[in-house]
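Q: Structure in structure tokens, see below.
Read the figures in this text as sums done on the coordinates, not as results from a lab. Owing to the predicted nature of the structure, the values given are computational and were not obtained by experimental measurement. Quick reminder, even Gly has a Cβ in these numbers, built from the backbone with ideal geometry, and neighbours come from all protein chains shown.
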């Protein structure tokens, strides 16, 4: 229990320390120490056995209720200040619901805080990847045109966010979960609006109102749970049976769909890309949005054999295809990464909702490896943005000559998402095997299988399209000297790549299957290639062939522009599927 | 014994390619080159001065060939079909990255098209694997070859596979990746001498790769497998001689509508 | 090696370039490649790509616009290589001789191994010339052969590439 408490309190202490330390070197020392301790704590918790429980005292519960009301009032106030009726209406609705629930809430039957193996796994992702991103953000914020205090507040805020995340994965009470859910919404809102221009503000408000829909459905779920089972605890809810349970679970899963930015809610996550890159990496890719698959995984025992689980997994799988397809029309690197995050979150939710032991393990593996790879990609995108002021992939043509190392990291990130023997690829491969073995009993899984296959193919196109932009250069490009990456950026990137490789090795060793290990051979061969480059000096060089022409040229990238009609069909389709979750929950 | 076959795989593929050139010539009522022509070409390429654009570009072609050979070895050893498909994808992506890494517009367009081809055929290949799995209960090739009756249970899936064979062996109407008159060979364009030879040989291996999928539909009976391969070989060349090239986007559209629908219909039929 | 050298004449791959021809000879070349004359029985492939070719089939008198391309294509064919000049224009300028925009024949720019007469050259003659070219090809060594003139434009590309570290060892070409 002390370890868990450390994980929660240490980031807060560290952020207070950071505010008092103006010296960058001292900041690095503090953050490195905290990162080390957090990682160690998370790892030793992960290897420890048993379930820890903890009962909150009355005063603590009272404080949480008070904080929750203050939070909702703040949302209401923000809605008034910026004159945003949706934010106001949803905040008011939540206040009313929350007030009503608090008046009828039953005595806690079991502990509010439960640390089970799922929470321990989440600690590993949150503290490992999150810590590395905090380390990166110090260097990133150096060039941000804001006051020094605001910069330090930013880094401190990220640290506090870590402790919020550490809390949310051990919350057993739905109301506590709701409070922390709203806290992450708040963090998202404040950090998207960090740059405080018009676009940031508008996107922040969009994120606020969309995420509040999640809050509303959680409260509705809690209400159903109280009326039906006289309890607001996840574990009691999942152990009980009866007609109402599926409705409660369906409502809670809808919150996961909102937080996971499934279509039609993907707008808030894409809008969030205007925030500074560490925010995109931390909140909108590596940790916060992982609440979505986490929640589904938590509810998996109830979802597994039900209609609700079926429809959630179909939504997730279809989102995987649709988001990959929509991403093909985008040209801003961070938006492309955002869409692919939406897609992969959909896949994770689909696997979690299928609910067999195998698919749950796969969802966990995908979560871990996705967090690592996406953090690497986002941080590299941040490096390109800072050093080369390039956000659009059309501006990144020939980046390989200007920043070879960063391009190397990005390519490695793409490879780790698509090719053997890296974790994410293995996850997809085993997912195909696992779903195919379920086909006979549940033919409806054919939809999931098809989406998985087509979505993966589209993702390959997506990633290697970006790679083509990075590698290719028009002939007439003005060549500038390559800029070296400062170590403040380099160290986090190297750490992430190291963990991707270690993770992949660990994952294939875990399979106990000689053939899977052999799959790694070609990659080893490719990694050995650079040693041969010196030997190539004996061959003559020649310039590329352009049919004898010498005019500058520029090969276009592949884009698939989806028409307005298709988009409208997608939005209406997914919108009605989203509503259908609640209806199916109510009916069954 | 099996290792000998693996070692001889490029030669086997070369014979298939040579035979195909003869067959196409006979279809156009001409004499055509000798059967061993691909090997003459290979020996000649060894005797040419080698020009490269830059070292990684050339090395990626070598890597492409060896990964492809590894894939073929996996097929002969009877591995999991899904692993084989993804190893092949890996080989293909190496070539695509190589194509992007030189400043030649044809190479870039070739790589773009190569990517579209991957997007087109990859799902169908996996669906074929899943179909074979549904009938035989295993993804392992060695297990699949012990069962029977794929053709009767999966006729539409076989038709879908037929549609992607021309993509893989770069034949009309889906030879967009090579597109000789348009983009002068696509990704192959910047290679010469020894390094082009690796690409030339990997084309032989592509033949073995895709035709072994056709062979799998024969199941236990080797004769049926051989007849299927021969029939598909004839058919593909006949279609190649009789049709024009489609545009890359059209190719993706045709495969995603017609072939995908056939495959899914067949799978749904097996399941229900 | 002797063994591999004997295969040069079994697989001549052809690059065809039109240096301002009237298209008469080009049609004849296509006819030679087509089913009737069937050049493929000698193993000929029309590659369209200098880097994989052995025989350079040039038609037409060299026009001002085409001479740089002619030289660049020639320098991109790896040795051993053979140039076959198809048609009278390629040899002397033919009917275009003396015109303001035309050079008289390609041998001002690149060394020619076989000349084919005729306006237009007939397919039979082209096949004969190819066979003659194969004899030359077999006798050639792998020494670098240079064009007679090199234009500035090519060199700027060379320089740019070498600045990128992409072309470390650019072949020194003769300057005019």
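Q: How high is the FRET efficiency from residue A:102 to residue A:437, r the C-beta distance, R0 56 Å, rounded to 0.05?
A: Values: r = 46 Å, r/R0 = 0.83.
About 0.75, to the nearest 0.05.
Q: Grab the beta carbon distance between residue B:272 and residue A:587, set R0 = 25 Å, and tell me the FRET efficiency rounded to 0.05.
A: On the way: r = 24 Å, r/R0 = 0.97.
Rounded to the nearest 0.05, the efficiency is 0.55.
Q: Here's another thing I want to ask about it. Can you sort A:559, B:256 so the residue with the fewest Cβ neighbours within 10 Å comes first?
A: Numbers: A:559 10, B:256 16.
Going from least to most buried by this count: A:559, B:256.
Q: What is the fewest-to-most order of B:53, A:321, B:22 by other Cβ atoms lying within 10 Å of their Cβ?
A: B:22, A:321, B:53
Q: Could you work out, residue by residue across C:41-50, how many beta carbons of other chains sit within 10 Å of that residue's beta carbon, and then give the average as an integer? It would help to have the intermediate numbers written out before the result.
A: Values: counts 7, 3, 9, 1, 5, 2, 5, 10, 12, 8.
For peptide C:41-50, the averaged partner shielding equals 6.
Q: What is the calculated FRET efficiency for residue A:572 to residue B:77, with r their C-beta to C-beta distance and R₀ = 41 Å, to the nearest 0.05?
A: 0.25
Q: A follow-up question, please. What share of the DSSP beta bridges in region C:2-149 is antiparallel, in percent to the nearest 5? Kindly include the intermediate steps, with their values, before the conclusion.
A: Values: 1 of 16 bridges.
Close to 5 percent.
Q: For chain A, take the longest principal axis of its alpha carbons; what is the angle in degrees between that and the long axis of helix A:58-81, to the nearest 10 within 0 to 90?
A: That helix lies at roughly 60 degrees to the long axis.
Q: Right, here's the next one. Provide the packing ranking of A:174-181, C:17-24, A:2-9, i.e. peptides ordered by the mean count of other C-beta atoms within 10 Å per residue, highest first.
A: Details: A:174-181: 24.1, C:17-24: 19.1, A:2-9: 15.8.
So the order, starting with the most tightly packed, is A:174-181, C:17-24, A:2-9.
Q: On a 0 to 90 degree scale, rounded to 10, what angle separates helix A:85-104 from the longest Cα axis of chain A?
A: That works out to roughly 40 degrees.
Q: Just checking the output field for A:455-464: average partner chain Cβ neighbours within 10 Å of each residue's Cβ? Please report the intermediate quantities before stating the final value.
A: Details: counts 1, 6, 12, 3, 1, 8, 7, 2, 2, 9.
Other-chain Cβ atoms within 10 Å of each residue's Cβ, averaged: 5.
Q: Now for a different question. Can you tell me what share of the DSSP beta bridges in the protein assembly as shown is antiparallel? A percent to the nearest 5 is fine. Kindly include the intermediate steps, with their values, before the conclusion.
A: Working: 8 of 26 bridges.
The answer is about 30 percent antiparallel.
Q: Hey, rough spin-label estimate for residue C:142 and residue A:116, points 7 angstrom out along Cα→Cβ, what's it come to in nanometres?
A: Taking the simple label geometry, residue C:142 and residue A:116 are separated by 6.9 nm.
Q: What ranking of A:345, C:134 emerges when the number of other C-beta atoms within 10 Å of each C-beta is taken as an exposure proxy, fewest first? List each step's numbers first, then the result.
A: Values: A:345 32, C:134 21.
Listed from fewest to most nearby Cβ atoms, that is C:134, A:345.
Q: Something else now. If you find the alpha carbon centre of region A:5-77 and of region A:388-440, how far apart are they in angstrom?
A: After rounding, the separation between the Cα centres reads 32 Å.
Q: If I fit a long axis through the Cα atoms of helix A:307-327 and take the longest principal axis of the Cα atoms of chain A, what angle between them do I get, 0 to 90°, rounded to 10?
A: So the helix axis and the longest Cα principal axis differ by about 30 degrees.
Q: Along the Cα-to-C-beta direction of residue A:195, a point sits 7 Å from the Cα; which residues of region A:382-405 have their amide N less than 17 Å from that point?
A: A:382-396
Q: If packing is taken as the mean number of other Cβ atoms within 10 Å per residue, what is the order of C:58-64, A:532-538, highest first? Before the final figure, lay out each step's value.
A: Values: C:58-64: 23.4, A:532-538: 11.7.
Result, highest mean first: C:58-64, A:532-538.
Q: So, in Å, what gap is there between the alpha-carbon centers of region B:1-18 and region A:571-588?
A: The distance from the Cα centre of region B:1-18 to that of region A:571-588 comes to 55 Å.
Q: Okay, next question. Shielding of B:27-34 by partners, i.e. mean partner chain Cβ atoms within 10 Å per residue? Could the numbers behind the result be given before it?
A: Values: counts 0, 4, 3, 8, 4, 4, 10, 4.
The mean count of partner-chain Cβ atoms within 10 Å per residue comes to 5.
Q: Further, regarding this structure: Mind ranking A:366-378, A:90-102 by how tightly packed they are, going by the mean number of other C-beta atoms within 10 angstrom, highest first? Let's see the in-between values first.
A: Working: A:366-378: 27.2, A:90-102: 17.8.
Ranking the peptides A:366-378, A:90-102 by packing returns A:366-378, A:90-102.
Q: Take the eigenvalues of the Cα gyration tensor for the protein assembly as shown, scale each by 5, and report the square roots as semi-axes in whole Å, largest first.
A: For the protein assembly as shown, the ellipsoid semi-axes come out as 60, 33, 23 Å.
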